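Note sheet for the following structure.
The values are calculated or read from the model by the stated rules, or taken from the named source; none is laboratory data. The shown structure was predicted, so the numbers you read here are calculated from the model rather than taken from an experiment. Every residue, glycine as well, gets a Cβ built from its backbone with ideal geometry; the counts of neighbours run over all protein chains shown. Each accessible area value is taken on the protein alone, full model and side chains, heavy atoms only, with ligands, DNA and RNA left out. Shrake-Rupley method; radii C 1.70, N 1.55, O 1.52, S 1.80 Å.
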Amino acid sequence: MTRALFAADALLPTGWAKNVLLAWNAAGQLVEARAGADKPAAAETAGGPVIPGMPNLHSHAFQRAFAGLTEHRAEQQDSFWSWRTLMYRFAARLGPRQMEDIATWLYAEMLEAGYTSVCEFQYVHHDADGKPYADDATLSRALLRAAHKTGIGFTLLPVLYQTSGFGGLPPNEGQRRFIRSTDSMLRLLEALKPACDAQGARLGLAPHSLRAVPPEALREALAGLDAIEAGAPVHIHIAEQTKEVDDCIAWSGQRPVAWLLEHAPVDARWCLVHATHMDADEYRRGARSGAVAGLCPTTEANLGDGLFDFAAWRQHGGAWGLGSDSHACVDAAEELLMLEYGQRLRTRQRNVGATAAQPHVATALTLQAVQGGAQAAGRAIGGLAAGQQADFVVLDAQQLALQGLSAPDMLSAHVFASHRTRAIDAVWVAGRPRVAAGRHALHAEAASAFVAARTQLLQD
Ligand code: NGQ
Ligand code: ZN
(Lines give C-alpha, C1' and ligand atoms only; values in the text may rest on other atoms or scores of the structure.)
(Ligands and ions follow the chains in the order given, each with its own letter.)
Protein backbone atom coordinates (compact mmCIF):
# COMPACT_ATOMS: atom_id res chain seq x y z
CA MET A 1 0.00 0.00 0.00
CA THR A 2 1.25 3.49 -0.91
CA ARG A 3 2.46 5.41 2.10
CA ALA A 4 4.50 8.12 0.41
CA LEU A 5 4.23 10.63 -2.39
CA PHE A 6 7.02 12.68 -3.92
CA ALA A 7 6.16 16.15 -5.26
CA ALA A 8 8.35 18.50 -7.29
CA ASP A 9 6.36 21.33 -5.65
CA ALA A 10 4.24 21.28 -2.50
CA LEU A 11 2.61 23.95 -0.38
CA LEU A 12 3.86 23.50 3.19
CA PRO A 13 2.56 25.65 6.10
CA THR A 14 5.63 27.88 5.59
CA GLY A 15 5.07 28.28 1.83
CA TRP A 16 6.03 26.59 -1.42
CA ALA A 17 8.83 24.05 -1.27
CA LYS A 18 10.66 21.94 -3.87
CA ASN A 19 11.24 18.17 -3.94
CA VAL A 20 8.95 17.35 -1.07
CA LEU A 21 8.54 13.86 0.29
CA LEU A 22 5.20 13.25 2.00
CA ALA A 23 5.12 10.05 4.05
CA TRP A 24 2.38 8.77 6.31
CA ASN A 25 1.63 5.90 8.66
CA ALA A 26 -1.05 3.21 8.52
CA ALA A 27 -3.48 5.53 10.31
CA GLY A 28 -3.15 8.06 7.48
CA GLN A 29 -1.23 10.58 9.54
CA LEU A 30 1.76 12.34 8.00
CA VAL A 31 5.05 11.33 9.59
CA GLU A 32 7.03 13.72 7.45
CA ALA A 33 6.68 16.50 4.91
CA ARG A 34 10.30 17.13 4.00
CA ALA A 35 11.61 19.57 1.40
CA GLY A 36 14.81 19.01 -0.57
CA ALA A 37 14.36 15.24 -0.41
CA ASP A 38 15.56 12.64 -2.90
CA LYS A 39 12.82 10.61 -4.48
CA PRO A 40 12.73 7.12 -2.96
CA ALA A 41 12.51 4.47 -5.66
CA ALA A 42 9.22 3.14 -4.28
CA ALA A 43 7.40 6.47 -4.00
CA GLU A 44 4.97 7.65 -6.65
CA THR A 45 5.51 11.14 -8.12
CA ALA A 46 2.61 13.63 -8.05
CA GLY A 47 1.44 14.80 -11.47
CA GLY A 48 1.44 18.45 -10.41
CA PRO A 49 1.82 20.75 -7.41
CA VAL A 50 0.45 19.36 -4.14
CA ILE A 51 -1.64 21.61 -1.90
CA PRO A 52 -3.27 20.79 1.43
CA GLY A 53 -6.86 19.53 1.29
CA MET A 54 -9.35 22.23 2.17
CA PRO A 55 -11.61 21.66 5.19
CA ASN A 56 -15.19 22.71 4.47
CA LEU A 57 -16.39 24.19 7.76
CA HIS A 58 -20.09 24.66 7.03
CA SER A 59 -22.55 22.44 5.20
CA HIS A 60 -26.29 21.73 5.18
CA ALA A 61 -26.03 18.72 2.89
CA PHE A 62 -29.69 18.37 1.91
CA GLN A 63 -29.68 21.89 0.42
CA ARG A 64 -27.51 20.65 -2.47
CA ALA A 65 -30.65 19.19 -4.03
CA PHE A 66 -32.32 22.60 -3.75
CA ALA A 67 -29.51 24.64 -5.33
CA GLY A 68 -30.60 26.62 -8.37
CA LEU A 69 -34.31 26.26 -7.59
CA THR A 70 -34.95 29.69 -6.09
CA GLU A 71 -33.41 31.88 -8.74
CA HIS A 72 -36.71 33.39 -9.86
CA ARG A 73 -38.83 36.14 -8.32
CA ALA A 74 -41.32 34.78 -5.77
CA GLU A 75 -42.12 37.99 -3.88
CA GLN A 76 -42.06 41.63 -4.89
CA GLN A 77 -38.75 41.91 -3.06
CA ASP A 78 -37.08 38.56 -2.48
CA SER A 79 -34.66 38.13 0.40
CA PHE A 80 -32.90 35.63 2.62
CA TRP A 81 -36.19 35.22 4.46
CA SER A 82 -38.28 34.43 1.38
CA TRP A 83 -35.56 31.94 0.31
CA ARG A 84 -35.82 30.36 3.75
CA THR A 85 -39.58 29.85 3.41
CA LEU A 86 -39.01 27.91 0.17
CA MET A 87 -36.10 25.99 1.70
CA TYR A 88 -38.31 24.89 4.62
CA ARG A 89 -40.93 23.69 2.14
CA PHE A 90 -38.30 21.63 0.35
CA ALA A 91 -36.93 20.21 3.64
CA ALA A 92 -40.42 19.21 4.77
CA ARG A 93 -40.50 15.99 2.74
CA LEU A 94 -36.92 14.81 3.02
CA GLY A 95 -36.48 11.21 4.24
CA PRO A 96 -33.44 9.25 5.45
CA ARG A 97 -32.78 7.55 2.10
CA GLN A 98 -32.86 10.87 0.26
CA MET A 99 -30.67 12.51 2.88
CA GLU A 100 -28.07 9.79 2.40
CA ASP A 101 -28.20 9.87 -1.39
CA ILE A 102 -27.97 13.66 -1.60
CA ALA A 103 -25.09 13.77 0.88
CA THR A 104 -23.21 10.92 -0.83
CA TRP A 105 -23.21 12.76 -4.14
CA LEU A 106 -22.42 16.08 -2.44
CA TYR A 107 -19.44 14.65 -0.57
CA ALA A 108 -18.11 13.02 -3.75
CA GLU A 109 -18.47 16.40 -5.46
CA MET A 110 -16.67 18.08 -2.57
CA LEU A 111 -13.75 15.68 -2.85
CA GLU A 112 -13.53 16.26 -6.60
CA ALA A 113 -13.52 19.99 -5.88
CA GLY A 114 -10.67 20.02 -3.39
CA TYR A 115 -12.40 19.63 -0.03
CA THR A 116 -11.08 16.75 2.05
CA SER A 117 -13.34 17.15 5.09
CA VAL A 118 -16.63 18.73 6.02
CA CYS A 119 -18.43 20.02 9.12
CA GLU A 120 -22.08 19.10 8.82
CA PHE A 121 -24.45 21.53 10.59
CA GLN A 122 -27.30 19.06 10.88
CA TYR A 123 -30.67 20.37 11.98
CA VAL A 124 -33.33 18.25 10.30
CA HIS A 125 -33.83 15.71 13.07
CA HIS A 126 -37.44 14.51 13.01
CA ASP A 127 -39.85 12.90 10.57
CA ALA A 128 -42.12 14.89 8.27
CA ASP A 129 -44.70 15.31 11.03
CA GLY A 130 -42.12 16.63 13.46
CA LYS A 131 -42.03 13.40 15.51
CA PRO A 132 -38.70 11.87 16.53
CA TYR A 133 -37.77 8.79 14.47
CA ALA A 134 -37.76 5.46 16.35
CA ASP A 135 -34.01 5.89 16.29
CA ASP A 136 -33.74 9.58 17.10
CA ALA A 137 -30.36 9.77 15.35
CA THR A 138 -31.69 8.46 12.00
CA LEU A 139 -30.89 11.48 9.82
CA SER A 140 -27.51 12.12 11.43
CA ARG A 141 -26.60 8.49 10.83
CA ALA A 142 -27.54 8.88 7.16
CA LEU A 143 -24.95 11.67 6.93
CA LEU A 144 -22.31 9.63 8.75
CA ARG A 145 -22.85 6.79 6.25
CA ALA A 146 -22.50 9.17 3.31
CA ALA A 147 -19.22 10.50 4.71
CA HIS A 148 -17.95 6.99 5.32
CA LYS A 149 -18.80 5.77 1.81
CA THR A 150 -17.09 8.68 0.09
CA GLY A 151 -14.11 8.84 2.46
CA ILE A 152 -14.45 12.53 3.30
CA GLY A 153 -13.27 13.57 6.78
CA PHE A 154 -16.20 14.44 9.01
CA THR A 155 -17.24 16.65 11.90
CA LEU A 156 -20.87 16.12 12.87
CA LEU A 157 -22.57 19.10 14.49
CA PRO A 158 -26.10 18.22 15.62
CA VAL A 159 -28.09 21.42 15.88
CA LEU A 160 -30.02 22.74 18.86
CA TYR A 161 -33.09 24.65 17.71
CA GLN A 162 -35.90 25.79 20.01
CA THR A 163 -37.40 29.15 19.10
CA SER A 164 -38.32 31.15 15.99
CA GLY A 165 -36.88 34.44 17.24
CA PHE A 166 -35.22 36.35 20.06
CA GLY A 167 -37.04 36.39 23.38
CA GLY A 168 -38.33 32.83 23.18
CA LEU A 169 -40.79 33.16 20.27
CA PRO A 170 -42.45 29.77 19.67
CA PRO A 171 -41.18 27.81 16.66
CA ASN A 172 -43.25 27.94 13.48
CA GLU A 173 -44.70 25.07 11.47
CA GLY A 174 -41.78 24.99 9.02
CA GLN A 175 -39.39 24.40 11.91
CA ARG A 176 -41.16 21.34 13.39
CA ARG A 177 -38.49 18.89 12.24
CA PHE A 178 -35.70 20.85 13.96
CA ILE A 179 -37.05 21.37 17.48
CA ARG A 180 -35.75 19.55 20.52
CA SER A 181 -35.22 20.11 24.23
CA THR A 182 -31.74 20.61 25.63
CA ASP A 183 -31.95 17.23 27.36
CA SER A 184 -32.90 15.39 24.19
CA MET A 185 -30.01 17.17 22.42
CA LEU A 186 -27.55 15.83 24.97
CA ARG A 187 -29.03 12.34 24.64
CA LEU A 188 -28.64 12.59 20.86
CA LEU A 189 -24.98 13.52 21.25
CA GLU A 190 -24.45 10.54 23.55
CA ALA A 191 -26.10 8.24 21.03
CA LEU A 192 -23.96 9.55 18.18
CA LYS A 193 -20.63 9.49 20.00
CA PRO A 194 -19.80 5.77 19.38
CA ALA A 195 -20.75 6.00 15.70
CA CYS A 196 -18.53 9.05 15.26
CA ASP A 197 -15.62 7.43 17.09
CA ALA A 198 -15.95 4.27 15.00
CA GLN A 199 -15.26 6.15 11.76
CA GLY A 200 -12.83 8.79 13.03
CA ALA A 201 -15.42 11.58 12.84
CA ARG A 202 -15.45 14.40 15.37
CA LEU A 203 -18.63 15.21 17.26
CA GLY A 204 -19.52 18.78 18.19
CA LEU A 205 -22.55 20.93 18.87
CA ALA A 206 -24.26 23.67 16.91
CA PRO A 207 -26.60 26.01 18.73
CA HIS A 208 -28.34 27.15 15.51
CA SER A 209 -28.34 30.90 16.23
CA LEU A 210 -29.27 33.32 18.99
CA ARG A 211 -32.66 33.49 17.26
CA ALA A 212 -33.20 29.78 17.83
CA VAL A 213 -31.55 29.12 21.21
CA PRO A 214 -32.48 31.03 24.38
CA PRO A 215 -29.64 31.96 26.80
CA GLU A 216 -30.56 29.34 29.41
CA ALA A 217 -30.57 26.52 26.83
CA LEU A 218 -27.26 27.72 25.41
CA ARG A 219 -25.66 27.58 28.84
CA GLU A 220 -27.05 24.15 29.69
CA ALA A 221 -26.16 22.62 26.34
CA LEU A 222 -22.56 23.84 26.58
CA ALA A 223 -22.23 22.51 30.11
CA GLY A 224 -23.62 19.11 29.04
CA LEU A 225 -21.44 18.94 25.93
CA ASP A 226 -18.17 18.93 27.83
CA ALA A 227 -19.23 15.87 29.81
CA ILE A 228 -19.77 13.99 26.52
CA GLU A 229 -16.87 15.33 24.43
CA ALA A 230 -14.51 17.69 26.22
CA GLY A 231 -13.30 20.54 24.03
CA ALA A 232 -15.70 19.63 21.21
CA PRO A 233 -16.20 22.23 18.47
CA VAL A 234 -19.12 24.63 18.85
CA HIS A 235 -20.54 26.32 15.75
CA ILE A 236 -23.24 28.98 15.62
CA HIS A 237 -24.84 31.12 12.88
CA ILE A 238 -24.32 34.69 13.97
CA ALA A 239 -25.17 38.11 12.49
CA GLU A 240 -25.80 36.96 8.93
CA GLN A 241 -28.62 39.38 8.18
CA THR A 242 -29.19 42.98 9.32
CA LYS A 243 -32.72 42.05 10.46
CA GLU A 244 -31.14 39.58 12.85
CA VAL A 245 -28.89 42.35 14.22
CA ASP A 246 -31.87 44.73 14.64
CA ASP A 247 -33.97 42.06 16.36
CA CYS A 248 -31.11 41.20 18.71
CA ILE A 249 -30.68 44.85 19.69
CA ALA A 250 -34.42 45.20 20.27
CA TRP A 251 -34.31 42.14 22.54
CA SER A 252 -31.09 42.72 24.46
CA GLY A 253 -29.71 46.13 23.62
CA GLN A 254 -26.69 44.42 22.07
CA ARG A 255 -25.63 43.25 18.64
CA PRO A 256 -25.41 39.42 18.25
CA VAL A 257 -21.64 39.03 18.30
CA ALA A 258 -21.30 41.46 21.23
CA TRP A 259 -24.04 39.58 23.10
CA LEU A 260 -22.39 36.23 22.47
CA LEU A 261 -18.94 37.42 23.54
CA GLU A 262 -20.39 38.68 26.79
CA HIS A 263 -22.66 35.73 27.60
CA ALA A 264 -20.81 32.67 26.31
CA PRO A 265 -17.24 31.42 26.78
CA VAL A 266 -16.25 32.10 23.18
CA ASP A 267 -12.75 30.83 22.43
CA ALA A 268 -10.77 28.80 19.90
CA ARG A 269 -13.26 25.91 19.88
CA TRP A 270 -15.95 28.21 18.49
CA CYS A 271 -16.83 28.86 14.87
CA LEU A 272 -18.85 32.02 14.22
CA VAL A 273 -20.60 31.18 10.97
CA HIS A 274 -21.15 34.23 8.72
CA ALA A 275 -20.51 36.93 11.39
CA THR A 276 -21.20 39.22 8.45
CA HIS A 277 -22.46 42.22 10.38
CA MET A 278 -20.11 43.38 13.13
CA ASP A 279 -19.07 46.82 14.32
CA ALA A 280 -15.41 47.74 14.85
CA ASP A 281 -15.45 46.61 18.45
CA GLU A 282 -16.96 43.23 17.54
CA TYR A 283 -14.28 42.71 14.86
CA ARG A 284 -11.59 43.39 17.43
CA ARG A 285 -13.02 41.35 20.29
CA GLY A 286 -14.31 38.56 18.07
CA ALA A 287 -10.95 38.09 16.35
CA ARG A 288 -9.08 38.18 19.65
CA SER A 289 -11.38 35.59 21.21
CA GLY A 290 -9.59 32.98 19.08
CA ALA A 291 -12.84 31.88 17.40
CA VAL A 292 -12.84 31.03 13.69
CA ALA A 293 -14.95 33.18 11.37
CA GLY A 294 -16.83 30.75 9.13
CA LEU A 295 -17.04 32.50 5.77
CA CYS A 296 -19.32 31.09 3.08
CA PRO A 297 -18.70 33.53 0.21
CA THR A 298 -20.89 32.06 -2.55
CA THR A 299 -23.85 31.37 -0.27
CA GLU A 300 -23.54 34.80 1.35
CA ALA A 301 -23.59 36.31 -2.13
CA ASN A 302 -26.46 34.09 -3.26
CA LEU A 303 -28.59 34.99 -0.24
CA GLY A 304 -27.78 38.70 -0.29
CA ASP A 305 -26.22 38.70 3.17
CA GLY A 306 -23.66 41.47 2.79
CA LEU A 307 -19.88 41.57 2.91
CA PHE A 308 -17.63 40.59 5.79
CA ASP A 309 -14.79 43.07 6.47
CA PHE A 310 -11.89 40.71 5.92
CA ALA A 311 -9.18 43.32 6.54
CA ALA A 312 -10.66 44.29 9.91
CA TRP A 313 -10.83 40.65 11.05
CA ARG A 314 -7.29 39.83 9.94
CA GLN A 315 -5.90 43.06 11.36
CA HIS A 316 -6.71 41.65 14.81
CA GLY A 317 -5.26 38.24 13.98
CA GLY A 318 -8.63 36.59 13.40
CA ALA A 319 -8.73 32.97 12.23
CA TRP A 320 -11.11 32.11 9.39
CA GLY A 321 -12.11 29.27 7.12
CA LEU A 322 -14.45 28.42 4.26
CA GLY A 323 -17.85 26.78 4.08
CA SER A 324 -20.06 25.93 1.13
CA ASP A 325 -23.19 26.16 3.30
CA SER A 326 -26.20 25.96 0.91
CA HIS A 327 -24.01 24.48 -1.86
CA ALA A 328 -25.05 26.88 -4.60
CA CYS A 329 -21.41 26.25 -5.48
CA VAL A 330 -19.29 23.25 -4.46
CA ASP A 331 -15.74 24.27 -5.23
CA ALA A 332 -13.03 25.36 -2.80
CA ALA A 333 -11.25 27.43 -5.46
CA GLU A 334 -14.41 29.34 -6.34
CA GLU A 335 -15.03 30.18 -2.69
CA LEU A 336 -11.54 31.69 -2.54
CA LEU A 337 -12.22 33.59 -5.74
CA MET A 338 -15.53 34.95 -4.44
CA LEU A 339 -13.98 35.92 -1.11
CA GLU A 340 -11.18 37.87 -2.78
CA TYR A 341 -13.46 39.48 -5.38
CA GLY A 342 -15.96 40.58 -2.73
CA GLN A 343 -13.15 42.33 -0.90
CA ARG A 344 -11.81 43.91 -4.10
CA LEU A 345 -15.25 45.31 -4.88
CA ARG A 346 -15.62 46.49 -1.30
CA THR A 347 -12.23 48.21 -1.04
CA ARG A 348 -11.57 49.05 -4.72
CA GLN A 349 -8.12 47.48 -4.35
CA ARG A 350 -6.44 44.35 -5.68
CA ASN A 351 -4.72 41.39 -4.00
CA VAL A 352 -6.47 42.06 -0.71
CA GLY A 353 -5.86 38.53 0.59
CA ALA A 354 -2.07 38.70 0.23
CA THR A 355 -0.02 38.99 3.42
CA ALA A 356 3.41 40.38 4.25
CA ALA A 357 4.78 36.84 4.31
CA GLN A 358 2.92 35.59 1.23
CA PRO A 359 2.38 37.88 -1.76
CA HIS A 360 0.44 35.30 -3.82
CA VAL A 361 -3.22 35.74 -2.92
CA ALA A 362 -4.33 32.17 -3.65
CA THR A 363 -1.42 30.76 -1.66
CA ALA A 364 -1.95 33.08 1.32
CA LEU A 365 -5.70 32.43 1.41
CA THR A 366 -5.30 28.67 1.02
CA LEU A 367 -2.86 28.40 3.93
CA GLN A 368 -5.04 30.50 6.24
CA ALA A 369 -8.30 28.78 5.28
CA VAL A 370 -6.74 25.34 5.89
CA GLN A 371 -5.58 26.41 9.36
CA GLY A 372 -8.89 27.98 10.32
CA GLY A 373 -10.89 25.13 8.81
CA ALA A 374 -8.89 22.55 10.74
CA GLN A 375 -9.43 24.46 13.96
CA ALA A 376 -13.18 24.67 13.36
CA ALA A 377 -13.36 20.97 12.47
CA GLY A 378 -11.58 20.00 15.69
CA ARG A 379 -9.40 17.57 13.76
CA ALA A 380 -5.69 17.32 12.88
CA ILE A 381 -6.13 18.41 9.26
CA GLY A 382 -4.06 21.60 9.33
CA GLY A 383 -1.83 21.09 6.28
CA LEU A 384 1.22 19.26 5.03
CA ALA A 385 3.18 18.75 8.23
CA ALA A 386 4.08 15.82 10.45
CA GLY A 387 1.26 14.98 12.85
CA GLN A 388 -1.47 16.20 10.51
CA GLN A 389 -3.65 13.85 8.49
CA ALA A 390 -2.42 13.10 4.96
CA ASP A 391 -5.15 15.13 3.22
CA PHE A 392 -3.99 16.71 0.01
CA VAL A 393 -4.86 17.71 -3.51
CA VAL A 394 -2.69 17.28 -6.59
CA LEU A 395 -3.25 20.02 -9.15
CA ASP A 396 -3.38 19.02 -12.79
CA ALA A 397 -0.24 20.53 -14.32
CA GLN A 398 -1.52 19.46 -17.78
CA GLN A 399 -4.67 21.59 -17.53
CA LEU A 400 -4.40 24.35 -20.10
CA ALA A 401 -4.67 27.18 -17.57
CA LEU A 402 -1.72 25.77 -15.62
CA GLN A 403 0.64 24.54 -18.32
CA GLY A 404 4.19 25.83 -18.09
CA LEU A 405 3.62 27.99 -14.99
CA SER A 406 5.53 28.09 -11.70
CA ALA A 407 3.86 26.34 -8.75
CA PRO A 408 2.55 29.55 -7.09
CA ASP A 409 1.17 30.71 -10.43
CA MET A 410 -0.44 27.30 -11.00
CA LEU A 411 -2.37 27.72 -7.74
CA SER A 412 -3.26 31.28 -8.77
CA ALA A 413 -4.49 29.99 -12.13
CA HIS A 414 -6.45 27.22 -10.41
CA VAL A 415 -8.27 29.84 -8.33
CA PHE A 416 -8.45 32.82 -10.69
CA ALA A 417 -8.20 31.50 -14.22
CA SER A 418 -9.92 28.14 -14.48
CA HIS A 419 -13.49 28.78 -13.38
CA ARG A 420 -15.98 26.12 -14.31
CA THR A 421 -13.26 23.79 -15.38
CA ARG A 422 -11.24 21.73 -12.96
CA ALA A 423 -7.51 21.84 -12.46
CA ILE A 424 -7.53 18.99 -9.96
CA ASP A 425 -5.98 15.64 -10.80
CA ALA A 426 -6.04 13.65 -7.55
CA VAL A 427 -7.34 13.98 -3.98
CA TRP A 428 -6.11 11.98 -1.01
CA VAL A 429 -7.74 11.72 2.42
CA ALA A 430 -5.91 10.10 5.32
CA GLY A 431 -3.35 8.80 2.84
CA ARG A 432 -5.92 7.10 0.62
CA PRO A 433 -6.62 8.15 -2.96
CA ARG A 434 -10.29 9.18 -3.21
CA VAL A 435 -10.21 11.06 -6.50
CA ALA A 436 -8.10 10.01 -9.49
CA ALA A 437 -7.99 11.77 -12.87
CA GLY A 438 -10.52 14.22 -11.43
CA ARG A 439 -13.19 11.59 -10.61
CA HIS A 440 -14.39 10.02 -7.39
CA ALA A 441 -14.85 6.25 -7.60
CA LEU A 442 -18.58 6.60 -6.76
CA HIS A 443 -19.16 9.46 -9.21
CA ALA A 444 -21.56 7.73 -11.62
CA GLU A 445 -23.72 5.78 -9.15
CA ALA A 446 -23.87 8.63 -6.64
CA ALA A 447 -24.91 11.08 -9.36
CA SER A 448 -27.87 8.97 -10.48
CA ALA A 449 -29.04 8.34 -6.92
CA PHE A 450 -28.86 12.10 -6.29
CA VAL A 451 -30.97 12.92 -9.34
CA ALA A 452 -33.53 10.27 -8.34
CA ALA A 453 -33.74 11.70 -4.80
CA ARG A 454 -34.19 15.23 -6.08
CA THR A 455 -36.86 14.12 -8.54
CA GLN A 456 -38.82 12.46 -5.72
CA LEU A 457 -38.56 15.56 -3.55
CA LEU A 458 -39.86 17.80 -6.33
CA GLN A 459 -42.87 15.61 -7.13
CA ASP A 460 -46.14 16.39 -5.44
C1 NGQ B 1 -29.87 27.28 7.58
N2 NGQ B 1 -28.82 28.96 6.22
O3 NGQ B 1 -29.91 26.91 8.76
O4 NGQ B 1 -29.97 26.51 6.63
C5 NGQ B 1 -29.71 28.76 7.33
C6 NGQ B 1 -31.04 29.38 7.05
C7 NGQ B 1 -31.77 30.33 9.23
C8 NGQ B 1 -28.06 30.05 6.18
N9 NGQ B 1 -28.09 30.83 7.22
C10 NGQ B 1 -31.97 29.29 8.19
N11 NGQ B 1 -27.31 30.34 5.16
O12 NGQ B 1 -30.69 30.89 9.38
O13 NGQ B 1 -32.73 30.57 9.95
ZN1 ZN C 1 -25.75 27.62 7.68
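Average accessible surface for the chain: 38 Å² per residue, computed with a 1.4 Å probe over protein heavy atoms with every protein chain in place. Inter-part distance, region 446-460 to region 104-162, computed on C-alpha centroids, equals 17 Å. Potential lengthening of the chain between Leu345 and Ala230 amounts to 37.2 nm, from the contour at 0.36 nm per residue minus the alpha-carbon distance. The gain in end-to-end length when the Thr14 to Thr355 segment is fully stretched comes to 121.5 nm, 0.36 nm per residue minus the alpha carbon separation. Dividing the Cα radius of gyration of region 251-344 by 2.2 N^0.38 Å, with N the residue count, gives 1.06. Modelled spin-label separation between Arg420 and Ala386, with each label point placed 7 Å from Cα along the Cα-to-Cβ direction: 4.7 nm.
Here's how it looks for Gln388: its modeled amide H is under 5 Å from those of Leu30, which are all 5 or more places away or on a different chain. For Ser209, the amide hydrogen comes within under 5 Å of the amide hydrogens of His237, counting only partners 5 or more places away or on other chains and with H modelled in the peptide plane.
Surface composition of the chain: carbon plus sulfur atoms hold 52% of the accessible area, using a 1.4 angstrom probe and ignoring ligands, DNA and RNA. Convex hull volume of the Cα atoms of the chain, normalised per residue: 141 Å³.
Principal-axis analysis of the Cα atoms of the chain puts helix 96-112 at an angle of about 30° to the longest axis. Helix 138-150 and the longest principal axis of the C-alpha atoms of the chain enclose an angle of approximately 10°. Note that region 273-312 shows a convex hull volume over its alpha carbon atoms of 58 Å³ per residue. With each label modelled as a point 7 angstrom along the Cα→C-beta vector, the Asp183-Ala436 pair spans 5.3 nm.
Note on the chain: helix-only mean residue ellipticity at 222 nm, from DSSP H runs of 4+ residues weighted -39500 (n - 2.57) and normalised by residue number, equals -11500 deg cm²/dmol. Backbone phi angles across region 403-414, fed through the Karplus curve with coefficients 6.51, -1.76 and 1.60 (θ = phi - 60°), yield HN-Hα couplings of 4, x, 8, 6, 4, x, 6, 5, 5, 4, 5, 4 Hz in residue order; Gly and Pro are listed as x. Within the chain, DSSP assigns beta bridges of which about 45% are antiparallel (rounded to the nearest 5).
The phi torsions of region 173-186, fed into the Karplus equation with coefficients 6.51, -1.76 and 1.60 and a -60° offset, translate into couplings of 4, x, 9, 4, 7, 9, 6, 8, 6, 5, 4, 5, 4, 5 Hz, rounded to whole numbers, with Gly and Pro shown as x.
Among 309-321, 161-173, the peptide with the highest mean count of other Cβ atoms within 10 Å heads the list, and the full ranking is 309-321, 161-173. Using the average count of surrounding beta-carbon atoms within 10 Å as a protection proxy, the listed peptides 26-33, 387-394 rank, highest first, as 387-394, 26-33.
Distance between the C-alpha centres of region 286-304 and region 1-50: 32 Å, rounded to the whole angstrom. Here is the tail figure for region 403-460: Cα pairs spaced more than 12 Å apart come to 75 percent of all pairs.
With Rh defined as the Kirkwood radius, the inverse of the mean 1/r over Cα pairs, the Rg/Rh of region 1-119 is 1.18.
How far is helix 361-377 tilted off the main Cα axis of the chain, in degrees rounded to 10, range 0 to 90? In the chain, helix 361-377 runs at an angle near 50 degrees to the longest axis.
For the chain, averaging the sequence separation of C-alpha pairs within contact (under 8 Å, six or more residues apart) and dividing by the residue count gives a relative contact order of 21 percent. Here the 3J(HN,Hα) profile of region 27-41, calculated from phi with Karplus coefficients 6.51, -1.76 and 1.60 at θ = phi - 60°, is 7, x, 9, 5, 9, 7, 9, 10, 7, x, 8, 8, 6, x, 3 Hz, Gly and Pro shown as x.
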